[in-house]
Amino acid sequence: MKGVIIAELIRWMEQAFSPAIADAVITRSEVPGDGVYTTVGNYSHAEALALMGALAEISGEPVPVLADSYGFWLASRFMELYPQMFEGYTDAVTFLRDVDGQHHREVTKLYPDARTPSIVVDIDGEELTVSYGSHRPLADIAHGLVRGYIAYYGDDLEVIRDPGSPGPHAARFLVRAPSRQSVS
Ligand code: HEM
């Protein structure tokens, strides 16, 4: 996996928790290289899982909750790191539709050894389904990324994870207008 995903995971831990907690996580997870990752380097995704597992033990939060929060935060970091990929978009649906065919394709031009997940978007009337598939078990990060882009574009949409999707290597997210309770 490209170092950018793990380097940013460390940065998120420093910001969302503290630099001391990030250090404790690196020590506890026993990842090689003392937690130093270069953006262009390639590392096993097992290192990201080990770091999240250690953070779960230290923080008491379950790994899926942490991975989802990290994905949400990562959405805005991608905008800072790769601003050219966001030019011309004004809504989350149009943006998400182009991830597979354009943005992840750009990623593989930047990093020829990247193996990006498949992000397939289906639109059926008012409903949108985003399907994630990967040899890596990172569906919770994908969930957070989808939520993050919807929040960024300010769209009034909710994201519901299909409980029937097999996860963590695959997941389906239903994106739709929130169902409102009628006030009587
Ligand atoms: C312009 C926006 C995006 C950029 C710049 C981007 C960039 C990247 C990069 C650099 C990687 C690492 C690839 C590797 O390790 O080989 C990656 C992986 C990943 N991307 Fe994206 N991505 C974007 C949008 C999205 C969106 C919208 C989703 C979710 C729906 C997503 C889901 C993931 C996941 C979960 C991974 C981790 C690797 C895996 O699960 O196989 N990405 N992305």
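Here is a list of conditions, (1) touching a Phe, Trp or Tyr at 6+ places or on another chain (Cβ under 7 Å); (2) more than 22 Å from Y152 (Cα to Cα), and V36 meets all of them except one; can you say which number that is?
(1)
Among the residues of the range 42-76, which ones are closer than 18 Å to A151 by Cβ and either over 17 Å from the mean Cα position of the chain (by Cα) or surrounded by fewer than 17 Cβ atoms within 10 Å (Cβ to Cβ) (or both)?
V65, S76
Out of everything in the range 103-131 that is out of contact with any strand residue (DSSP E or B) (no Cβ under 7 Å at 6 or more places or on another chain) and among the hydrophobic types (A, V, I, L, M, F, W, C), what residue ends up being nearest to the ligand (Cβ to nearest atom)?
The residue in question is V107.
State which residue is farthest from P168 (Cα to Cα) when the search covers only the range 1-24 and only residues that are away from the ligand (no atom under 13 Å from the Cβ) and not in a helix (DSSP H, G or I). Walk me through how you get there before you give the answer.
Kept after step one, since they are away from the ligand (no atom under 13 Å from the Cβ), are these residues of the range 1-24: 10-24.
Next cut, not in a helix (DSSP H, G or I) only: 17-18.
Values: F17: 25, S18: 28 Å.
For the range 1-24, the residue satisfying everything is S18.
Quick test of your reading of the structure: T27 fulfils all but one of (1) more than 16 Å from the ligand (Cβ to nearest atom); (2) in a loop (DSSP other than H, G, I, E, B). Name the failing condition by number.
Every condition holds for T27 apart from (2).
Which count do you get for residues in the range 138-157 that are more than 8 Å from the ligand (Cβ to nearest atom) and over 12 Å from F72 (Cα atoms)?
5
Of the numbered conditions (1) in the same structural domain as A22 (by TED's automatic domain parsing); (2) surrounded by 15 or more Cβ atoms within 10 Å (Cβ to Cβ), V36 fails exactly one; give the number of that condition.
With (1) in the same structural domain as A22 (by TED's automatic domain parsing); (2) surrounded by 15 or more Cβ atoms within 10 Å (Cβ to Cβ) applied to V36, the lone miss is (2).
Restricting attention to the range 30-58, report how many residues are within 13 Å of the ligand (Cβ to nearest atom) and among the acidic types (D, E).
So the count comes out to 1.
The values are calculated or read from the model by the stated rules, or taken from the named source; none is laboratory data. No experiment lies behind these values; they were computed from the predicted model shown. Methodologically, a virtual Cβ is constructed for each residue, glycine included, from the backbone with ideal geometry; neighbour enumeration extends over all protein chains shown.
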